[in-house]
1. Counting Lys and Arg as +1 and Asp and Glu as -1, each charge on the Cβ, what is the dipole of the range 394-518 about the Cα centre in debye, to the nearest 20?
2. What is the spin-label model distance, in nm, from residue 453 to residue 118 if the labels are put 7 Å beyond Cα along the C-beta direction?
3. Please list 486-496, 257-267 highest first by mean number of surrounding beta-carbon atoms within 10 Å per residue.
4. Carbon-plus-sulfur fraction of the accessible area of the chain, 1.4 Å probe, in percent?
5. Quick one: dipole size for the range 45-148, taken about the Cα centre, charges +1 on Lys/Arg Cβ and -1 on Asp/Glu Cβ, in debye to the nearest 20.
6. Per residue, how much accessible area does the range 189-301 have with a 1.4 Å probe, in Å²?
7. Aspartates and glutamates within cross-link reach of residue 397: Cα-Cα under 19 Å, excluding same-chain residues under 8 positions apart?
8. So how strong a dipole does the chain carry about its Cα centre when Lys and Arg Cβ are +1 and Asp and Glu Cβ are -1, to the nearest 20 debye?
Amino acid sequence: MRRIAALILIAMAITGCVPVEVSGAEPGEKFTGLFSALDKYIEKGMKDWDVPGLAVAVVRGDEIIYTRTFGVKRLGTNDPVTEDTIFQIGSTSKAFTCTLAAMLADEKKLRLDAKVAEILPDFKMYDPWVTDNFMVIDLMAQRSGLPAHAGDTLSTVGFSRQEILSRMRYVKPISSFRSKYAYQNNMFLAAAAVIEKVTGKSWEQCLKEKIFDPLGMTASSCDEASFVNSPDAAALHRRINGRVVALPKDWGYGFWVYTYGPAGGINSNIKDYAEWLKFQITGGRAADKQLISKEALEFTHLPQTITRVPTENGLQQYYCLGWVYRENNPYPIIWHNGGTSGHKTMIAMMPQSNIGIAVLSNNSDAELPEAVAFRFFDIYCGNPEKDYSAEMLKKDKEKEALDRSKEPGRPENPAPPVPLEKYTGVFTNDLYGDITVNTAGAGGLSIVIGPAKMRLSLKAWDADTFKATFAIFAEEEDAGLVRFSRDASGNIGSLDIEMLDEDGCGAFTRTQPEPAIK
């Protein structure tokens, strides 16, 4: 796309990057070139990333100046995305939880520097000193010291919010407390529990009363039934075995998003989502009412933890409270993305320019929403032309190829396993509790994990190592290797599930004696 930035003339006004109005232009005409360029960029990006449907809105001050929808709700249909179409907004939900906490702090009902354990006596981390010193603000600033995404699979396998929080004490840290950025979801469950303890109301009720209702977000919700039963919801899409597919509407694992509600479980449409963006840009106002002081809301936009991942031009990024602070020319961008099992979201704003953009899409494996947002700000501010979508897609494909190259090859002459019954039984660890290994079909095993009874299918690979797959997305997908180990007596005494090793909790110990083979 040639010289898109040249479509817009930029004046550096005191309020930020403001496109110069063409002489004689009607109100809004100054954005015509920008939005025309953005539309073309989105349309091309949707083809490149295989995104079935997308909705976008741009807000300036307290005005929604642009909305448009693209594509379809479900791949293979002609049912178009509309401004009323519901999407899951994923981790952009975190800012709602942080705003609720900031509102309570503004009302003098909560101190963000209060010790979590003083509010939630059952709150415990692996290190007792960390438990005693963990503040409410730490829950939302991504500096817990835990491995990134620690324990996330607990929600997928069916544990409740309370059970997930009670098990975080078993996850060993990988860095000193507050010393390093590592993205978490579980800490936002604790933040919600703090909100509930202080208010005596559920997180869901607080969200509705303090944000949804005052902002007029009447189509927004935070439960699975509202999404599944909506007549105008975008289908979940993800890339499985190299192609984008739509998940069935009655997909059996959709609950996990709502277990993680305070971290990623809000449903919304582009009209409601734009109201949320207006609220953020205008400093906490809705319908001429100040719902939170400007200072308290803006505090959630301030850097708390350096991410140590510089942007492409060497500028730095920081995690705030449910937001990311990205250094940018001429002003920083405050943003956050979100992904569920089938949707991808981006919301971003440049507060000094009173402008922001929101993007909802129905392919969780596409980084197009992020690319569209950053491209928008470059065009708006007259920055050098950069094709974020093309660069992100290239990196995505390179990573995919690298991951494939790292996959272990099966030995040319693999050793056979012992009789499969020798591997069966109950194994346990502190985080996931008991799991069960059973024989399954001809020459296979299965592992059943958690209250949702998520099933891994195992096929012989080499000796006591098995190749795992799972079908929670309706098609069998690679789940890494499962390695059984022998104890001092030569019996099968433990196993390690590679898929669960990212947070260091993939090792399980047998709790029953190895069965005898009759």
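1. Its charge dipole is roughly 280 debye.
2. My value for the distance between the label points is 4.6 nm.
3. On the way: 486-496: 13.9, 257-267: 26.3.
In decreasing order of mean packing, 486-496, 257-267 become 257-267, 486-496.
4. Numbers: 11130 of 22000 Å².
Answer for the chain is 51 percent, counting heavy atoms of protein chains only.
5. Roughly 100 debye, rounded to the nearest 20.
6. Here the per-residue accessible area is 39 Å².
7. Answer for residue 397, where 19 Å is the Cα cut-off: 48, 50, 312, 365, 367, 370, 387, 407, 477, 478, listed by chain and number.
8. Computed about the Cα centre, the dipole is about 320 debye.
The values are calculated or read from the model by the stated rules, or taken from the named source; none is laboratory data. What you see is a predicted model, and the numbers here were worked out from it, not measured in a lab. Note that we place each Cβ from the backbone using ideal geometry, even for glycine, and neighbour counts take in every protein chain shown. Surface areas here come from the heavy atoms of the whole protein model, side chains and all, with no ligands, DNA or RNA. Shrake-Rupley method; radii C 1.70, N 1.55, O 1.52, S 1.80 Å.
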